Amino acid sequence: MKPSVILYKALPEDLQKRLESHFTVTQVKDLSPDTVAQHADAFSRAVGLLGSSEKVDAALLEKMPALRATSTISVGYDNFDVDALNARHVFLMHTPYALTETVADTLMALILSSARRVVEVAERVKAGEWTKSIGPDWFGVDVHGKTLGIVGMGRIGLALAQRAHFGFNMPILYNARRHHSEAEERFNARYCELDTLLQEADYVCLILPLTDETYHLIGKDAFAKMKPSAIFINAGRGPVVDEKALIEALQNGEIHAAGLDVFEQEPLPVDSPLLQLPNVVALPHIGSATHETRYNMAATAVDNLINALEGKVEKNCVNPQIKG
Ligand code: GLV
């Protein structure tokens with residue numbers, strides 16, 4: 001008999017078949033307590049768990065005593081209780097390499113659309129407001145040659161620096177836990193303290209995972225340090241920013257505009273004040289959301305689960321140390 005796994009995200013047909021060739025698959029719509037209760041038997045037997053965007057915590061793990069590996073179709077894993085997984089010796093697999101370039105493209109899209117007011121002016125055209133040659137009330141600000149501040153110089157930060165340096169001739173400042181020689185040598189990026197970056201950058205771009213250390217890293221004080229002309233971009237995780245402070249900074253003109261792909265609460269509530277601000281580009285967490293990249297992430301996640309259940313955790317594993 002094949003081992004059992006729970007799948008909580010729809011997969012492309014060929015990947016579903018690949019998964020089914022290895023496992024008995026129970027597909028569920030989510031990991032809510034109701035769903036778990038409804039499929040209690042399958043959850044109690046499952047050795048693997050595959051999907052994305054749902055919370056995997058100690059309470060869920062209680063219901064899955066046979067679980068040996070979880071595989072998320074994402075690079076971020078802040079929705080997993082890693083300590084609880086470690087305590088139960090459950091591997092956590094993710095997809096760190098599949099989405100780098102696509103998320104860097106999304107960041108460039110946020111920078112360009114916020115600076116040039118692409119969404120706002122396109123809406124005005126649709127509303128029939130383009131009735132004569134445009135004047136300064138339609139103008140944006142330049143991107144090329146402006147200073148880009150990157151907070152978090154990981155794989156995605158590096159791919160953004162490459163685009164900004166070669167494509168847009170932007171001087172690059174960065175702040176990270178350690179110096180990044182590749183960014184410095186290839187893209188002339190300059191390491192600086194966070195405060196210096198906030199004060200000097202024209203574009204402050206956040207690409208950080210959510211951890212205890214990064215929660216609300218950017219708040220009232222940080223916005224006060226930015227230039228009034230600064231454009232703030234976040235495509236990492238929403239709670240790294242104190243959203244209330246961001247809204248106040250935008251409303252009070254402490255910063256010029258924001259391009260956001262992530263929010264403290266997702267989906268973003270329709271009554272969020274962010275949606276009332278013309279100088280905000282708000283996207284529905286599309287960082288990696290292209291057909292090609294989402295396929296590659298799902299394929300990686302399927303392979304990750306197969307590998308982890310065979311004890312192969314040299315690649316893409318968050319907690320290989322539990323192998324012992
Ligand atoms: C997207 O946000 C991811 O973590 O892959």
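With θ taken as phi - 60° and the Karplus curve 6.51 cos²θ - 1.76 cosθ + 1.60 applied, the whole-hertz 3J(HN,Hα) list for the stretch 49-54 is 9, 9, x, 7, 6, 10 Hz, x standing for glycine and proline.
Entry note, the chain: the mean residue ellipticity at 222 nm calculated from DSSP H runs of n ≥ 4, each adding -39500 (n - 2.57), is -10000 deg cm²/dmol after division by the residues and rounding to the nearest 500. Got a sec? Charge dipole of the stretch 228-313, +1 on Cβ for Lys and Arg, -1 for Asp and Glu; which of Val241, Ile306, Leu260 is way out at the positive end? Among Val241, Ile306, Leu260, the one farthest towards the positive end of the dipole of the stretch 228-313 is Ile306.
Converting phi to 3J(HN,Hα) with the Karplus coefficients 6.51, -1.76 and 1.60 and the offset θ = phi - 60°, the stretch 293-304 yields 6, 5, 5, 4, 5, 5, 4, 4, 5, 5, 4, 4 Hz in sequence order, with x at every glycine or proline. Are there any chymotrypsin sites (Phe, Trp or Tyr not before Pro) in the stretch 66-150 that are in a DSSP loop and have at most 15 other Cβ atoms within 10 Å? List them by number. Sparse-neighbourhood loop chymotrypsin sites (Phe, Trp or Tyr not before Pro): Tyr97, Trp130, Phe139.
Give the cross-link partners of Lys315 among the aspartates and glutamates, using a straight C-alpha distance below 15 Å as the criterion and excluding same-chain residues fewer than 8 apart. Cross-link targets: Asp303. A straight Cα-to-Cα reach below 19 Å connects Lys132 with the aspartates and glutamates Glu120, Glu123, residues fewer than 8 places away in its own chain not being considered. Annotation: the antiparallel percentage among DSSP beta bridges lying fully within the chain is about 5.
So which of Lys55/Lys312; Lys29/Lys63; Lys220/Lys244; Lys9/Lys312; Lys29/Lys55; Lys2/Lys312 end up more than 20 Å apart, counting from Cα to Cα?
With Cα atoms farther than 20 Å apart: Lys55/Lys312; Lys9/Lys312.
Here the simple spin-label model places points 7 Å from the Cα toward Cβ, and for Lys29 and Lys2 these points are separated by 2.5 nm. Each residue of the stretch 132-145 is assigned a 3J(HN,Hα), and the resulting list reads 7, 3, 6, x, x, 6, 10, 6, x, 10, 5, 9, 4, x Hz, derived from the Karplus form 6.51 cos²θ - 1.76 cosθ + 1.60 (θ = phi - 60°), x at Gly and Pro. Close amide-amide hydrogen proximity is noted between Leu92 and Thr70, Val318, Asn319, each under 5 Å apart and 5 or more residues distant or on a separate chain (H modeled in the peptide plane; Pro and chain starts excluded).
Rounded, prolate or oblate: pick one for the chain, where a ≥ b ≥ c are the square roots of the eigenvalues of its C-alpha gyration tensor, a/c under 1.5 means rounded, and failing that, prolate if a/b is larger than b/c, else oblate.
Note, shape of the chain comes out prolate.
Only the coordinates and a few stated rules stand behind these numbers; no lab work does. The model shown is predicted, which means the values in this text are computed figures rather than measured ones. All Cβ positions, glycine included, derive from the backbone under ideal geometry; neighbour counts span all protein chains shown.
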